[in-house]
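Notes follow once the structure below has been shown.
The values are calculated or read from the model by the stated rules, or taken from the named source; none is laboratory data. Predicted model, so just to flag it, every value in this text is computed and none were measured. We place every Cβ from the backbone using ideal geometry, glycine too, and count neighbours over all the protein chains shown. Accessible surface areas use protein heavy atoms only, side chains included; no ligands, DNA or RNA. Shrake-Rupley method; radii C 1.70, N 1.55, O 1.52, S 1.80 Å.
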Amino acid sequence: MTLFDDGLATSRSSAPLAVRMRPRSLDEVVGQERALAPGSPLRTLLTAAGDSPVVSVILWGPPGTGKTTLASLLSEGSGRAFVELSAVTAGVKDVRAVIERARDSLAMHSRGTVLFIDEVHRFSKSQQDALLPAVENGWVTLIAATTENPNFSVIAPLLSRSVVVSLSPLTDQHVEDLLRRALV
């Protein structure tokens, strides 16, 4: 079961429209060919294993470009645990709890954790500061999503430890392709 399974649908065709439209693999993602090109930071994150250095990523793009989906697929494909927080509702206490669980998982099971923070631009400077030790020490792989320019909305120390990936808005053709997939 993945993050987006509803647990009740017996087939994709009977699932809600949003579930039918959601890509199940990176190969099904439309509109982000440049961001997913071979050798790109996202592909590197997917293939990094074991002691390989893992890069944290800030996904920057307009709503509906697949930031949450990409984070989930990257986590699933890399074998890392996936934890999602929304900067709208989470605080430093939530961030620290996730980091502590990630450190334990890494120490006891050698399993990394992808910490996905949606709307990271809504975190205050002190909330973003709380992420620094975990990113610096590799306790979590941070994938942060923002619709705001990260050069102005993400603190410089966090920005310097991450790769910013700009996502493109979907074209009419991309939306048509997604609708066709949902109808199948």
Yes/no for ALA90 being open to solvent by less than 20 Å² (accessible area, probe 1.4 Å), of a type outside the set (S, T, N, Q), over 24 Å from ALA182 (Cβ atoms) and without any contact (Cβ under 8 Å) to a residue 40 or more places away in the chain: yes
Residue pairs meeting the criteria (Cβ under 7 Å; at least 6 apart or on separate chains; first farther than 20 Å from ARG22 by Cα, in the range 150-178; second charged (D, E, K, R) and assigned to a helix (DSSP H, G or I)): ILE155/LYS125; ILE155/ASP129; ARG161/GLU136
Scan of the range 116-132 for residues that are of a type in the set (A, V, I, L, M) and closer than 17 Å to TRP60 by Cβ, ordered by number: ILE117, VAL120, LEU131
Filter pass, VAL95 being open to solvent by less than 40 Å² (accessible area, probe 1.4 Å) and assigned to a helix (DSSP H, G or I): yes
